[in-house]
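Contents: one structure, followed by commentary.
The values are calculated or read from the model by the stated rules, or taken from the named source; none is laboratory data. Nothing here was measured: the structure is a model prediction, and the numbers come from that model. Note that we place each Cβ from the backbone using ideal geometry, even for glycine, and neighbour counts take in every protein chain shown.
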Amino acid sequence: MSYVGSITLDPDIYEAIGMRPNDCVLIANCRNGARFETYILKGERGSGVVEVNGAAAHLAQAGDQLIIMHFALMSDDEYSSHHPQVIVLDEQNHISQRLSY
């Protein structure tokens, strides 16, 4: 059986934005326009790792800028108090900017 995919992320990245291992994410590749759905695997803390694995690795190359989207289902009450967050990473995949809406 072939490995079907995932994205390995440094916990410093996913924890900063409220994501968890095994959460489903939608990835958009800014270089080629590819979009694919996968799940998060825990990488080494402090490593800055953002690594697309398995079949999805054919849709991204090292150095590509990726948008990682994370969704949640919530009630109207939860939605009214929810504040979406965005983090921007630098070339070493360290957090360079935090945005909240």
Exercise for review: Determine whether segment 69-76 contains at least one residue that is within 15 Å of the chain's Cα centre (by Cα) and modelled with pLDDT of 95 or more.
Suggested key: yes
Study note, to complete from the structure: Filtering segment 1-11 down to residues that are touching a residue at least 60 places away in the same chain (Cβ under 8 Å) and part of a loop (DSSP other than H, G, I, E, B) yields ASP10
Review point. Taking the condition within 19 Å of TYR14 (Cβ to Cβ), of a type in the set (Val, Ile, Thr), under 13 Å from the mean Cα position of the chain (by Cα) and surrounded by 14 or more Cβ atoms within 10 Å (Cβ to Cβ), does VAL88 pass?
Key: no
Exercise for review: Would you please name the residue that is nearest to ILE7 (Cα to Cα), looking only at residues in segment 70-83 that are touching a residue at least 12 places away in the same chain (Cβ under 8 Å) and exposed (fewer than 11 other Cβ atoms within 10 Å of the Cβ)?
Suggested key: PHE71
Review point. Going through segment 12-67 one residue at a time, which ones are assigned to a strand (DSSP E or B), surrounded by fewer than 16 Cβ atoms within 10 Å (Cβ to Cβ) and β-branched (Val, Ile, Thr)?
Key: ILE67
